[in-house]
Amino acid sequence: MWNVFEYPFTGIAVAVFSLAAIWLFNILKPDKKRQWHYLIPLSIIIAAVAVSYFVQTDREKILGAVNKGIKAFKEEQIEPIREIIADDYFDAAHSSKEYIIAYCQALFQTAMVDRVTFLSRKTEIENEQAAFTTEAMVKFAEESEIAKMGSPFLIVKARFYFVKISDGRWLINSSEILELDRKAVNWTQLRN
């Protein structure tokens, strides 16, 4: 069943069944028919949409952090990236948050991002930790060094590991580059 906090479809399905039940009730007991009965399914639909809109799930928070990082890359802003990376960050090539921040800042010079389109994404959450795996097509700006060297497009497959902190936010505490243009690669190969 769908998560009612992410998708309003469950509530809408319940509203449709309640509308059918009210319709049958009005046919079987016409003397008990009331116009306000039809407000019940409408109320269910409004509640389902409101819950879906106002309650942010862990998956939505993780995707929000990823989107914040993508937007920061497009706008070449390091502070939003700093905000979504955990203080205890490490990966195979970067031993601290400061090293990955410096790497990202260096990328601003050569890899100006114009657009990122998700081809696939998968979020696995277990307790206070999560893994977000995505394959995305990155389009570089025409003035980008990478675009000038060859193709302005790159298909990137990466995995980001998140940890949930006490205020409910999800921060990246590690990452892996899995593929570039569908060829297996890792952080240490990119570093060399």
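Please check: in the Gaussian network model of the chain (C-alpha springs, under 10 Å), which one of Trp170, Trp23, Trp36 has the largest mean-square fluctuation.
Trp36
How far apart, in nm, are the 7 Å Cα→Cβ label points at Ala106 and Ala13?
5.0 nm
Compute the distance from the alpha-carbon center of the range 6-30 to that of the range 68-86, in whole Å.
Their Cα centres are 45 Å away from one another.
Fewest first, what order do Asp58, Asp91 take by the number of other Cβ atoms within 10 Å? Don't skip to the end; give the middle numbers.
Working: Asp58 17, Asp91 21.
In order of increasing Cβ crowding within 10 Å: Asp58, Asp91.
Choose one answer from Ile40, Ile78, Ile165: the residue with the largest mean-square fluctuation in a GNM of the chain with alpha-carbon springs under 10 Å.
In the Gaussian network model the winner is Ile40.
Go ahead and estimate [θ] at 222 nm for the chain from helices alone: -39,500 (n - 2.57) per DSSP H run with n ≥ 4, summed, over the residue count, rounded to 500.
Details: 7 runs with 85 residues, N = 192.
Helix-only estimate at 222 nm: -14000 deg cm²/dmol.
Provide the per-residue ³J(HN,Hα) series for the range 123-134, in order, calculated from phi with Karplus coefficients 6.51, -1.76, 1.60 and θ = phi - 60°, each as a whole number of Hz, with x at glycine and proline positions.
10, 10, 10, 9, 6, 9, 10, 8, 10, 10, 10, 9
Give the span of the range 131-175's Cα atoms along each principal axis, as three whole-Å numbers ordered largest to smallest.
Sorted from largest, the Cα extents of the range 131-175 read 44, 18, 13 Å.
Given H placed on each backbone N at 1.01 Å, which residues far from Ile85 in sequence or on other chains put an amide H within less than 5 Å of it?
Ile172
When the label point is put 7 Å from the Cα of Lys71 along its Cα-to-beta-carbon vector, which residues of the range 110-143 have a backbone N closer than 17 Å?
113-118
In the range 95-115, which residues have a backbone nitrogen under 14 Å from the label point lying 7 Å from Trp187's Cα in the Cα-to-Cβ direction?
Once the point is set 7 Å along Cα→Cβ of Trp187, 95-104 turn out to lie under 14 Å by backbone N, inside the range 95-115.
Taking H placed 1.01 Å from N in the peptide plane, check which residues at least 5 places from Ser96 or on another chain put their amide H under 5 Å from its amide H.
Result for Ser96 returns Asp91.
Which value, to two decimals, describes the C-alpha radius of gyration of the chain once divided by 2.2 N^0.38 Å?
1.44
What span do the alpha-carbon atoms of the range 9-54 cover on each of the three principal axes, reported in whole Å from largest to smallest?
Projected onto its principal axes, the Cα set of the range 9-54 covers 40, 16, 6 Å.
Each residue of the range 50-55 in turn: what ³J(HN,Hα) in whole Hz from Karplus with 6.51, -1.76, 1.60 and θ = phi - 60°, glycine and Pro shown as x?
Ordered by residue, 3J(HN,Hα) equals 5, 4, 4, 7, 8, 9 Hz.
When Met149, Met137 are ordered from fewest to most other Cβ atoms inside 10 Å of their Cβ, what list results? The partial results should precede the final answer.
Numbers: Met149 10, Met137 13.
Lowest count first: Met149, Met137.
Quick one: how many lysine pairs in the chain have C-alpha atoms under 12 angstrom apart, if they're 8 or more apart or on different chains?
Step by step, the pairs that qualify in the chain add up to 4.
For a quick check: with amide H placed at 1.01 Å from N, whose amide H comes under 5 Å from Ala141's, ignoring anything fewer than 5 positions away on the same chain?
Those lying under 5 Å, H to H, from Ala141 are Met112, Val113, Asp114.
Hey, what do the phi angles of the range 105-116 turn into as Karplus ³J(HN,Hα) couplings, whole Hz, using 6.51/-1.76/1.60 and θ = phi - 60°, x for Gly and Pro?
5, 5, 5, 4, 6, 10, 10, 6, 8, 9, 7, 10
Extending each Cα 7 Å along its Cβ direction at Phe118 and Asp167, get the distance between those two points in nm, one decimal.
2.4 nm
FYI, it's all coordinate maths here, none of it is from the lab. Since we're looking at a predicted model, the values are computed, not measured. Note: ideal-geometry Cβ built from the backbone for every residue, glycine included; neighbour counts use all protein chains shown.
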